[in-house]
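The values are calculated or read from the model by the stated rules, or taken from the named source; none is laboratory data. The model shown is predicted, which means the values in this text are computed figures rather than measured ones. Note that each Cβ is placed from the backbone with ideal geometry, even for glycine, and that neighbours are counted across all protein chains shown.
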Amino acid sequence: MADVNWAGNLAYAAERILRPRTLDEVREMVAAAPKIKALGTRHCFNDIADFDGGVQIDIGDVEVPIEIDAESATVTVSGATRYGELAPVLHGRGFALPNLASLPHCTIAGSVATGTHGSGRRNQGLASAVSALELVTADGELRRLAKGDKDFAGAVVNVGALGVVTRMTLDLVPAFEVRQNVFDALPWSALFDHFDEIEDAAYSVSMFTNWANDSVDLAWLKSTGDQRTELFGARPADGPRHPAHAAGLPADNCTEQLGVPGPWHERLPHFKLGFTPSAGDELQSEYFVPYRHATAAFEALRGLGDRIAPLVLCSEIRAIAADDQWLSPAQGGDRVALHFTWHQRQAEVEALLPVIEERLAPFGVRAHWGKLFHHRPSDGSWPMLGAFRELRDRLDPDGVFRSPYVARYVGR
């Protein structure tokens, strides 16, 4: 039976998985492989981690200690470490990461390489916490890149095209507490008229909809200070909610809500580490538009609500602060993320994606590298894509990591 990704919608075409136990073995395996891709927790919905006729390498068995430097407020950790494993260690030492994604189950290297993010108008994506990384390039050499180096901003969000990331250094902040308050039935008029105020209502804000209902189903506010008791006509939830509450999913695997304070790493994700994340049996897509175009993008998707709603479990609206990582979805300006958690009806979803992308095209839409999308990224929407190609060609001149995905979406 072919090895498959987390969602089960993709059977990998790679011939086998290599599992080194030491850094030297990683270097030897990479240098010996004509075609190779790094494999993490398989939480990608496309072939970004695959290579037809090549091999995959999983470095999860390579022992790399978690090294916290309290003086510089940094931590150095294996790229294969999951955020949910690292976070309690950091909290126990009085530190935190500024943000986390909605589920803590994924590896740090894989999350960063695909431009994965959390939520919050003033919170940057996960890649912005990276201050240094070590990667094994196609020749088996171990290279270190740090902030200030010429190629650093291009090497962090790298879609697996540059090498195998073995260690990463992350900047830390002091540990903090968060409360989650959920509101039901936010009027669409409130979202259109008060979007900035809603985004400023908490440290992290997420809204969930199917784009067809008369109101936004849920608004999740993750607060580090005073918590709101009202939100522009929405009703405070009378119990815990799953993001796909409107689709009937129970909140058993969700992090604690109802304003109960708790550590940052137990509130910023939507889902608990020890449970199946999200809905489990699903597909995902995500698109990013400039923050200034948020309400226009909402209007465009509302116009497709009757086509989106039958296929979607829920769709999440989030904001992300700008950064300078070349292939980050927020490179060059604040973005609003439009995330779709789909039913496992891939043919119908893939038929709808070009329609969604056409509606969002006037806004310079970008897609999440690790999820389902249709269009080829353009240099117009990704102004640093050409610079990234040059970096890829220098670090991987023989195309050892240039999989069909890389050829298709990075180009040349």
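Could you please find all residues in segment 1-38 being more than 19 Å from GLU350 (Cβ to Cβ), among the aliphatic types (A, V, I, L, M) and either at pLDDT below 95 or in a helix (DSSP H, G or I) (or both)? Listed by number, the residues that qualify are MET1, ALA2, LEU23, VAL26, MET29, VAL30, ALA31, ALA32. Selection over segment 106-140 of residues that are surrounded by fewer than 24 Cβ atoms within 10 Å (Cβ to Cβ), touching a Phe, Trp or Tyr at 6+ places or on another chain (Cβ under 9 Å), assigned to a loop (DSSP other than H, G, I, E, B) and not hydrophobic (A, V, I, L, M, F, W, C) gives a count of 4.
Taken as a whole, the structure places GLU199 among residues that are buried (at least 20 other Cβ atoms within 10 Å of the Cβ), among the acidic types (Asp, Glu) and out of contact with any helix residue (DSSP H, G or I) (no Cβ under 6 Å at 6 or more places or on another chain). If we scan segment 150-157, do we find a residue that is farther than 30 Å from ALA201 by Cα, over 18 Å from the mean Cα position of the chain (by Cα), in a strand (DSSP E or B) and of a type outside the set (Ser, Thr, Tyr)? Looking through segment 150-157, none of the residues is farther than 30 Å from ALA201 by Cα, over 18 Å from the mean Cα position of the chain (by Cα), in a strand (DSSP E or B) and of a type outside the set (Ser, Thr, Tyr).
Provide a single number: the residues in segment 209-239 that are under 22 Å from ASN99 (Cα atoms), surrounded by fewer than 18 Cβ atoms within 10 Å (Cβ to Cβ) and at pLDDT 95 or above. Number of matching residues: 1. For segment 55-79, a tally of residues being surrounded by fewer than 24 Cβ atoms within 10 Å (Cβ to Cβ) and part of a loop (DSSP other than H, G, I, E, B) returns 12.
Residues that are surrounded by 15 or more Cβ atoms within 10 Å (Cβ to Cβ), farther than 22 Å from TRP342 by Cβ, touching a helix residue (DSSP H, G or I) at 6+ places or on another chain (Cβ under 8 Å) and not small (Gly, Ala, Ser) within segment 1-54 comprise LEU18, PRO20, ILE36, PHE51, listed in sequence order.
Using the structure shown, decide if VAL312 is buried (at least 18 other Cβ atoms within 10 Å of the Cβ) and among the β-branched types (Val, Ile, Thr).
Numbers: buried (at least 18 other Cβ atoms within 10 Å of the Cβ): yes; among the β-branched types (Val, Ile, Thr): yes.
Judged against the criteria, VAL312 is a match.
Mind checking whether some residue in segment 171-180 is among the β-branched types (Val, Ile, Thr), buried (at least 17 other Cβ atoms within 10 Å of the Cβ), farther than 30 Å from ALA247 by Cα and touching a strand residue (DSSP E or B) at 6+ places or on another chain (Cβ under 9 Å)?
Start the filter on segment 171-180 by keeping residues that are among the β-branched types (Val, Ile, Thr), which leaves 173, 178.
Now narrow it down to the ones that are buried (at least 17 other Cβ atoms within 10 Å of the Cβ): 178.
Add one more test, that the residue is farther than 30 Å from ALA247 by Cα, and what stays is none.
Looking for residues that are among the β-branched types (Val, Ile, Thr), buried (at least 17 other Cβ atoms within 10 Å of the Cβ), farther than 30 Å from ALA247 by Cα and touching a strand residue (DSSP E or B) at 6+ places or on another chain (Cβ under 9 Å), one finds none in segment 171-180, hence no.
Take the residues in segment 82-100 that are aliphatic (A, V, I, L, M) and not in a loop (DSSP other than H, G, I, E, B), then tell me which one is nearest to SER128 (Cα to Cα). Across segment 82-100, the extreme among qualifying residues is ALA96. Take LEU103 and decide whether it is part of a loop (DSSP other than H, G, I, E, B), of a type in the set (A, V, I, L, M, F, W, C) and either in contact with a Pro (Cβ under 9 Å, 6 or more places away or on another chain) or surrounded by fewer than 24 Cβ atoms within 10 Å (Cβ to Cβ) (or both). Spelling it out, LEU103 is indeed part of a loop (DSSP other than H, G, I, E, B), of a type in the set (A, V, I, L, M, F, W, C) and either in contact with a Pro (Cβ under 9 Å, 6 or more places away or on another chain) or surrounded by fewer than 24 Cβ atoms within 10 Å (Cβ to Cβ) (or both). The set of residues in segment 376-393 that are surrounded by fewer than 15 Cβ atoms within 10 Å (Cβ to Cβ) and either free of Cβ contacts under 8 Å to residues at least 40 places away in the same chain or within 19 Å of the chain's Cα centre (by Cα) (or both) comprises ARG376, SER378, ASP379, GLY380, GLY386, GLU390, ASP393.
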